[in-house]
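Trainee: My questions all concern the structure below.
The values are calculated or read from the model by the stated rules, or taken from the named source; none is laboratory data. Because the structure is a prediction, the values reported are computed rather than measured. Note: ideal-geometry Cβ built from the backbone for every residue, glycine included; neighbour counts use all protein chains shown.
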Amino acid sequence: MSQKISETSVEDKKSGKDLYSYQKGAIDKIFKSFDDSPEDYHLLYQLPTGGGKTVIFSEIVRQYLKNHKKKVLVLTHRIELCKQTSSMLTEFGVHNKVINSSANLDDQADYSCFVAMVETLNNRLQEDRLDISDVGLVIIDEAHYNSFTKLFKFFEKSFILGVTATPLSSNIKLPMNENYNELIVGESIESLIENEFLARANVYSYNVGLTTLEVGANGDYTVKSSDDLYMGADMLSRLLQAYRERSKGKKTLIFNNGINTSLYVYDAFRHAGLPIMHLDNTATKKQRKQILTWFRNTPDAILTSVSILTTGFDEPSVESIILNRATKSLTLYYQMIGRGSRILKNKSSFDVIDLGNNFHRFGPWGADLDWQRIFKYPLSYLDNLMDDDEIESFFKYEMPDELRAEFGKSKEVYFDVKKAYVDSVRSGESSKVILERSIEQHAYICIENSEDVYDALGLAKMLGDDIDFRIERYSKCISKSTHNFLTWLKDDYRLKLRSYLRENFDRVFEEIHGHPPEE
């Protein structure tokens, strides 16, 4: 693996002689399993996005057809992947037929390889219009999707090879180890980065309060609760701020959980005069093509979307990924970030802005995950992920740089609410003293950076986010967090801070400076 890819990815290596050593090694392992196992064996192969899995299974198809008299079926879950797979097989010299809703099956005997989407194939098989009696090998791309399992009953005498970047089922009720006998783990993301096949992700995680999100029947956050959070003025403002801090001028993909959120993002960025387009699954083929062409040809383009671009979309010039959503799906986390991992001549890294605490939940993209253990014990892995309350308990409020500059005379502006609560409990004090001490500390840094009480009151107005953070942390400590209680407490805190400043400004100013404020 000493040769560097100069353009998009490993996918560019089309012919058998151009395969890299790890790809050849994977193929050897897969064929060994094929030779050593019964004809109905189910094998799963894991390889990161960008590692060239389509290249690998195209070469497997080529070699299989050369040495066996049976046919091959390749299954995908989206029409874009169907077309890409068919094209790749053709470049490997495999004569193949795409089975779509309009395909004429009268000539199926002329083909030894078929490519199909799950639903279309299922319909054809139910209609008994496709002869699968001589299919010896079934390859399933993006095998973590569970839509494929309903077809397994049709291929009880076929060797099934599932391929995925993340061998963790999209449905926790249907673990992959129930449908596959064995997992072969391929090259790691870190190895692909080190050998210059993938770009490295620079992750910037912004702490977000997610306790209002609800989890749906599929195990992930519901679109409605996500919309309620991410369509709010606070999150839209935070998104714009994060974009300006880390991504301005870079080609950027923004992933959202709901179409409504994506449309709000589109409006907010347009209003800010930024070059942005919105794409979701309601777009026509013509609209989709126009938008993606614009995105490809515009250096500082921003594209906001839902999950439509997580698979089957490769644009190597993407420089920044923004996760404007939270997810409990490890697979989705890897897919979204993977959209930026393609390398170019002048691109060896890309940025990831995380606005969903996903980094805290799953760890760094490309971390050394034990895929074998995840495959064998998926529930254990999922159960050990930190929940939102636990993640947020480690958060520390950090002032934005512009605001921190307003408090430049203060060495420290942070107040540890959790520590103050623990100290108060140990001392047998009422929990109310926490807020009193917090107000005193807020007042102190306001006075420390002011010439008069009016300056201090002005600075206190800028502390809204810090105050909200402290109140929410306090409410968790005392296990009381109803909406009405939090709203009252935040308003009461602000009133008491202003009152404290008016009553104590002169005294605290003199304590700090050694002389009273000038008249």
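Trainee: Tell me, which residue of segment 113-129 that is charged (D, E, K, R) and on the phi < 0 side of the Ramachandran plot is surrounded by the fewest Cβ atoms within 10 Å (Cβ to Cβ)?
Mentor: Just the residues of segment 113-129 that are charged (D, E, K, R), to begin with: 119, 124, 127-129.
With the extra rule that they be on the phi < 0 side of the Ramachandran plot, the set shrinks to 119, 124, 127, 129.
Details: Glu119: 13, Arg124: 20, Glu127: 9, Arg129: 13.
Selected residue: Glu127.
Trainee: Assuming Asn256 fulfils every condition listed in (1) over 12 Å from Ile322 (Cα atoms); (2) buried (at least 17 other Cβ atoms within 10 Å of the Cβ) apart from one, which condition is it?
Mentor: (1)
Trainee: I need a count of the residues in segment 142-183 that are crowded, with 16+ Cβ neighbours inside 10 Å and under 15 Å from Ile30 (Cα atoms).
Mentor: Total satisfying the criteria: 9.
Let's see how each residue does on (1) over 23 Å from Glu406 (Cβ atoms); (2) of a type in the set (Lys, Arg); (3) surrounded by 17 or more Cβ atoms within 10 Å (Cβ to Cβ):
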residue	(1), (2), (3)
Val453	no, no, yes
Leu459	no, no, yes
Leu463	no, no, yes
Tyr474	yes, no, yes
Ser481	yes, no, no
Phe485	yes, no, no
Lys496	no, yes, no
Arg502	no, yes, no
Arg507	no, yes, no
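Trainee: Could I ask something else about it? Identify, please: which residue in segment 320-371 is touching a Pro at 6+ places or on another chain (Cβ under 9 Å) and charged (D, E, K, R) and is, among those, farthest from Asp300 (Cα to Cα)?
Mentor: Selected residue: Arg342.
Trainee: Another question, then. If the requirement is being of a type outside the set (Phe, Trp, Tyr) and either closer than 30 Å to Asp389 by Cβ or not assigned by TED's automatic domain parsing to the domain that holds Leu355 (or both), which of these qualifies: Ile321, Ile291? Spell out the reasoning first.
Mentor: On the way: Ile291 fails: either closer than 30 Å to Asp389 by Cβ or not assigned by TED's automatic domain parsing to the domain that holds Leu355 (or both).
Every option except Ile321 fails the conditions.
Trainee: Can you name the condition, by its number, that Met235 falls short on among (1) of a type outside the set (Ser, Thr, Tyr); (2) at pLDDT 95 or above; (3) part of a helix (DSSP H, G or I)?
Mentor: All conditions pass for Met235, except number (2).
Trainee: If you don't mind, there's one more thing I want to ask. When the residues of segment 350-367 are narrowed to those that are touching a helix residue (DSSP H, G or I) at 6+ places or on another chain (Cβ under 7 Å) and assigned to a loop (DSSP other than H, G, I, E, B), which ends up nearest to Gly186 (Cα to Cα)?
Mentor: Let us first name the residues in segment 350-367 that are touching a helix residue (DSSP H, G or I) at 6+ places or on another chain (Cβ under 7 Å), namely 351-353, 355, 357-358, 360-362, 365-366.
From what is left, the residues that are assigned to a loop (DSSP other than H, G, I, E, B) are 355, 357, 365-366.
Working: Leu355: 30, Asn357: 28, Trp365: 16, Gly366: 13 Å.
Looking at residues that are touching a helix residue (DSSP H, G or I) at 6+ places or on another chain (Cβ under 7 Å) and assigned to a loop (DSSP other than H, G, I, E, B), I get Gly366.
Trainee: Select, from Thr211, Thr222, the only residue that is outside the structural domain of Gly25 (by TED's automatic domain parsing), touching a Gly at 6+ places or on another chain (Cβ under 6 Å) and surrounded by fewer than 17 Cβ atoms within 10 Å (Cβ to Cβ). Explain how you work it out, then say what you get.
Mentor: Details: Thr211 fails: touching a Gly at 6+ places or on another chain (Cβ under 6 Å).
Only one candidate qualifies: Thr222.
Trainee: Still on this structure, please answer the following. Taking segment 91-101, which residues are of a type outside the set (Phe, Trp, Tyr) and either on the phi > 0 side of the Ramachandran plot or under 35 Å from the mean Cα position of the chain (by Cα) (or both)? Step through it out loud before you land on a result.
Mentor: Looking only at segment 91-101, we keep the residues that are of a type outside the set (Phe, Trp, Tyr), and these are 91, 93-101.
Within segment 91-101, Glu91, Gly93, Val94, Asn96, Lys97, Val98, Ile99, Asn100, Ser101 meet the criteria.
Trainee: Which residues, taken from segment 274-304, are under 15 Å from Pro316 (Cβ atoms), surrounded by 19 or more Cβ atoms within 10 Å (Cβ to Cβ) and not small (Gly, Ala, Ser)?
Mentor: Selection gives Phe295, Leu303.
Residues checked against (1) under 26 Å from Thr166 (Cβ atoms); (2) within 26 Å of the chain's Cα centre (by Cα); (3) in a strand (DSSP E or B):
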site: Ser33; (1), (2), (3): yes, no, no
site: Thr54; (1), (2), (3): yes, yes, no
site: Glu80; (1), (2), (3): yes, yes, no
site: Gln84; (1), (2), (3): yes, yes, no
site: Met88; (1), (2), (3): yes, no, no
site: Leu121; (1), (2), (3): yes, no, no
site: Arg124; (1), (2), (3): no, no, no
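Trainee: Taking the residues in segment 97-149 that are without any contact (Cβ under 8 Å) to a residue 24 or more places away in the chain and touching a Phe, Trp or Tyr at 6+ places or on another chain (Cβ under 9 Å) as candidates, determine which candidate is farthest from Asn179 (Cα to Cα). Before you say what the answer is, go through the steps one by one.
Mentor: Taking segment 97-149 as the starting set, the residues that turn out to be without any contact (Cβ under 8 Å) to a residue 24 or more places away in the chain are 97-98, 100-104, 106-110, 120, 123, 126-128, 131, 133.
Add one more test, that the residue is touching a Phe, Trp or Tyr at 6+ places or on another chain (Cβ under 9 Å), and what stays is 97-98, 108.
Working: Lys97: 27, Val98: 25, Gln108: 29 Å.
By that ranking, first place goes to Gln108.
Trainee: In addition: What are the residues in segment 435-477 that are part of a helix (DSSP H, G or I), under 24 Å from His513 (Cβ atoms) and hydrophobic (A, V, I, L, M, F, W, C), if any?
Mentor: Ile439, Ala443, Ile445, Cys446, Ile447, Val453, Ala456, Leu457, Leu459, Ala460
Trainee: Any residue at all in segment 401-411 that is under 29 Å from Thr211 (Cα atoms), among the small types (Gly, Ala, Ser), assigned to a helix (DSSP H, G or I) and without any contact (Cβ under 8 Å) to a residue 40 or more places away in the chain? Show your work before the answer.
Mentor: Residues of segment 401-411 that are under 29 Å from Thr211 (Cα atoms), as a first pass: 401-404.
Now drop any that are not among the small types (Gly, Ala, Ser), which leaves none.
Checked against the condition, which is being under 29 Å from Thr211 (Cα atoms), among the small types (Gly, Ala, Ser), assigned to a helix (DSSP H, G or I) and without any contact (Cβ under 8 Å) to a residue 40 or more places away in the chain, segment 401-411 yields no hits at all.
Trainee: From Val203, Val138, which residue is within 30 Å of Lys476 (Cβ to Cβ) and not in a loop (DSSP other than H, G, I, E, B)?
Mentor: Details: Val138 fails: within 30 Å of Lys476 (Cβ to Cβ).
Answer to the selection: Val203.
Trainee: Can you tell me which residues in segment 250-275 are aliphatic (A, V, I, L, M) and either part of a helix (DSSP H, G or I) or within 17 Å of the chain's Cα centre (by Cα) (or both)?
Mentor: First, the residues of segment 250-275 that are aliphatic (A, V, I, L, M): 253-254, 259, 263, 265, 268, 272, 274.
Once the filter is applied, which keeps residues that are aliphatic (A, V, I, L, M) and either part of a helix (DSSP H, G or I) or within 17 Å of the chain's Cα centre (by Cα) (or both), segment 250-275 yields Leu253, Ile254, Ile259, Leu263, Val265, Ala268.
Trainee: Further question on the same structure: May I ask you to say which residue of Glu503, Glu472, Glu518 is out of contact with any Pro (no Cβ under 7 Å at 6 or more places or on another chain), outside the structural domain of Phe415 (by TED's automatic domain parsing) and either within 19 Å of Tyr414 (Cβ to Cβ) or not basic (Lys, Arg) (or both)?
Mentor: Values: Glu503 fails: outside the structural domain of Phe415 (by TED's automatic domain parsing); Glu472 fails: outside the structural domain of Phe415 (by TED's automatic domain parsing).
On inspection, the qualifying residue turns out to be Glu518.
Trainee: Out of all the residues in segment 321-337, is one or more at negative phi, at pLDDT 90 or above, touching a Lys or Arg at 6+ places or on another chain (Cβ under 7 Å) and part of a loop (DSSP other than H, G, I, E, B)?
Mentor: no
Trainee: Determine which single condition Tyr397 fails, assuming it passes every other condition in (1) modelled with pLDDT under 90; (2) in contact with a Ser or Thr (Cβ under 7 Å, 6 or more places away or on another chain); (3) surrounded by 14 or more Cβ atoms within 10 Å (Cβ to Cβ).
Mentor: The single condition Tyr397 does not satisfy is (2).
Trainee: Does segment 110-131 hold any residues that are under 19 Å from Ile60 (Cβ atoms) and either at pLDDT below 80 or among the polar types (S, T, N, Q) (or both), and which are they? Lay out the reasoning, then the answer.
Mentor: Kept after step one, since they are under 19 Å from Ile60 (Cβ atoms), are these residues of segment 110-131: 111-116.
Residue satisfying the conditions is Ser112 alone.
Trainee: So Asn195 ticks every box in (1) over 28 Å from Val138 (Cβ atoms); (2) touching an Asp or Glu at 6+ places or on another chain (Cβ under 8 Å) but one. Which box is left unticked?
Mentor: (2) is the only condition that Asn195 fails.
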